[in-house]
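J.: To start, I am sharing the structure in question, which I have written as structure tokens.
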Amino acid sequence: MRDIAARIVPTPGCDPVAGRVRWDPVKSLWWSGLTALWLIGGTIWFSWGAVAVFLASCFLILCGGHSIGMHRRLIHESFDCPPWLTVIGVWLGTLVGLGGPRTMIQTHDLRDWAQRQSDCHPYLRHGGAPAKDFWWQVHCSLTLDLPPGFQPSDLYSASCAMRWLQATAFLQQIPIALLLWIMGGPGFVAWAIGGRVSISIFGHWAVGWVAHNHGHRDFHNEGHCTQGHNVRGFGLITFGEAYHNNHHAFPESARLGLFPNQPDPGWWVLMMLQRIGLVWNVVEARVEVGHSLKLCRTPPATDVSIPRNG
């Protein structure tokens, strides 16, 4: 398995606890402005066509971009695919509106590293009450007093396209907005840009807060200050990302829904791409007889196990 954790480089005295949360004007005004565009413009120029484009773009960008391209491919390298498909997936992930590829990798890895320690700042573990945590995550940024170092993966560093997406992350919405305007006018822009980005950022926070505080757990990570939870009933609309307890136990696995009652649309798409030869070397956590699990890459198989609770 690839050592994804090596991207975080612990430095002498680095501390995941001490730090300050400050208002981030770029993050705050970005979400607030797009939300206002959606609520005002989406009401004035409402149409069912705009709603349909909103729903279709959410599916394409959140499933193909955020879940598959950005999270399972770029961040965890849970499967291999042609370079052009990686770039398309990460581009779609950038359109979610949370940031460019380097931003997403570093933010994810810092949080993941901190949650594996014996303690970490409440910002990094979604430890505040819902209103407070929403304000922190959507409108603020954390600056640790003694942060670890960060070394991007070769998948990012060796790609000019990735670095370009990082430099132009917020600007990537502009050509999409122009196309939407041509297709359906301001209503399409208000819903499929303002509404989509607003809902995506809010949903990312909401699922993150619930999945770190409430829900079912099958696995326990000994010594970690934060345990993920599986948010039942949200697998379909999060494309599998709601199974956070599974993900904490097997972060390398491209399959997030491990049990029969855990639908994982992102995994279904990956299996379809594998059948037509666009995806291979897929890392998968599999349920075996007696509910034990193993982690393997197909092909070849390498067993890594973790016990279930109870």
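J.: Which one, Pro148, Pro263, Asn213, is farthest towards the positive end of the dipole of the chain when Lys and Arg carry +1 and Asp and Glu -1 on their Cβ?
T.: Pro263
J.: Note down the magnitude of the dipole of the chain about its Cα centre, charges +1 on Lys and Arg C-beta and -1 on Asp and Glu C-beta and zero elsewhere, to the nearest 20 debye.
T.: Roughly 360 debye, rounded to the nearest 20.
J.: Taking +1 at the Cβ of each Lys and Arg and -1 at the Cβ of each Asp and Glu, which of Val282, Ile199, Gly127 sits farthest along the dipole of the chain towards its positive end, judged by Cα position relative to the Cα centre?
T.: Checking the options against the dipole of the chain, the answer is Ile199.
J.: Can you list residues whose amide H is under 5 Å from Asp15's amide H, if they're 5+ apart or on another chain and H is modeled 1.01 Å from N?
T.: Leu146
J.: Give the range of the longest stretch in the chain that excludes all GluC sites (Glu not before Pro) found in loop regions by DSSP and having at most 16 other beta-carbon atoms within 10 Å.
T.: After excluding every exposed loop site, the longest remaining stretch is 1-221.
J.: For region 1-63, what does the alpha-carbon gyration tensor say about shape, rounded, prolate or oblate, given a ≥ b ≥ c as the root eigenvalues, a/c under 1.5 as rounded, and a/b over b/c as prolate?
T.: In terms of gyration-tensor shape, oblate.
J.: I would also like to ask the following. If you count only protein heavy atoms with a 1.4 Å probe, what accessible area per residue comes out for the chain, rounded to a whole Å²?
T.: 46
J.: Roughly how many Å is it from the Cα centre of region 182-196 to that of region 66-114, as a whole number?
T.: Here the two parts' Cα centres lie 25 Å apart.
J.: Shifting gears a bit: What ³J(HN,Hα) values, in whole Hz, does the Karplus curve 6.51 cos²θ - 1.76 cosθ + 1.60 give for region 127-138 when θ = phi - 60°, with x put for Gly and Pro?
T.: Result, ordered by residue: x, x, 4, x, 5, 5, 5, 4, 4, 4, 6, 8 Hz.
J.: Continuing with the same structure: Quick check for me: using +1 on Lys/Arg Cβ and -1 on Asp/Glu Cβ, what's the dipole size of region 73-137 about its Cα centre, in debye to the nearest 20?
T.: 140
J.: Counting only residues 5 or more places away or on other chains, whose amide H sits under 5 Å from the amide H of Phe150 once H atoms are built in the peptide plane?
T.: Amide H to amide H, under 5 Å and 5 or more residues apart or across chains, Phe150 pairs with Val9.
J.: Ok, one more. Note the full-extension length gain between Asp80 and Leu171 as 0.36 nm times their separation in residues minus their Cα-Cα distance, in nm to one decimal.
T.: 30.0 nm
J.: Once you sort the root eigenvalues of the Cα gyration tensor of region 87-181 as a ≥ b ≥ c, which label holds: rounded (a/c under 1.5), prolate (a/b larger than b/c) or oblate (the other case)?
T.: Here region 87-181 falls in the oblate category.
J.: Using a Förster radius of 30 Å, what is the FRET efficiency between Thr107 and Ile40 based on their Cβ-Cβ separation? Nearest 0.05, please.
T.: Computed FRET efficiency for Thr107 and Ile40: 0.50.
J.: Amide H of Cys140: which non-local residues (sequence gap of 5 or more, or other chain) have their own amide H closer than 5 Å, using H built in the peptide plane?
T.: Here the answer is Asp24, since their amide H atoms fall under 5 Å of that of Cys140.
J.: Can you run phi through the Karplus equation (6.51, -1.76, 1.60; θ = phi - 60°) for region 246-263 and list ³J(HN,Hα) in whole Hz, with x for Gly and Pro?
T.: Karplus values, whole Hz, x for Gly and Pro: 4, 5, 5, 6, 10, x, 7, 6, 6, 9, 9, x, 8, 10, x, 8, 10, x.
J.: Let me make sure I get this right: for region 157-262, a, b and c are the square roots of the gyration tensor eigenvalues over alpha carbons, sorted descending. Under 1.5 in a/c it's rounded, otherwise prolate if a/b > b/c, else oblate. Which is it?
T.: Verdict is prolate for region 157-262.
J.: Below 8 Å, C-alpha to C-alpha, sequence gap of six or more: please give me the relative contact order for the chain in percent.
T.: About 24 percent, as a whole number.
J.: Given +1 on the Cβ of Lys and Arg, -1 on the Cβ of Asp and Glu, and no further charges, what dipole in debye does region 159-299 carry about its Cα centre, rounded to the nearest 20?
T.: Here the size comes out at about 220 debye.
J.: Using θ = phi - 60° and the Karplus form 6.51 cos²θ - 1.76 cosθ + 1.60, what ³J(HN,Hα) does each residue of region 229-240 get, whole Hz, x for Gly and Pro?
T.: 10, 8, 8, 5, x, 10, x, 5, 6, 9, 6, x
The values are calculated or read from the model by the stated rules, or taken from the named source; none is laboratory data. Just so it is clear, the model here is predicted, and its values are computed rather than measured. Please note: Cβ atoms are built from the backbone with ideal geometry, for glycine as well, and neighbour counts cover all protein chains shown. Just so you know, the surface numbers come from the protein's heavy atoms only, side chains and all, with ligands and any DNA or RNA stripped out. Shrake-Rupley method; radii C 1.70, N 1.55, O 1.52, S 1.80 Å.
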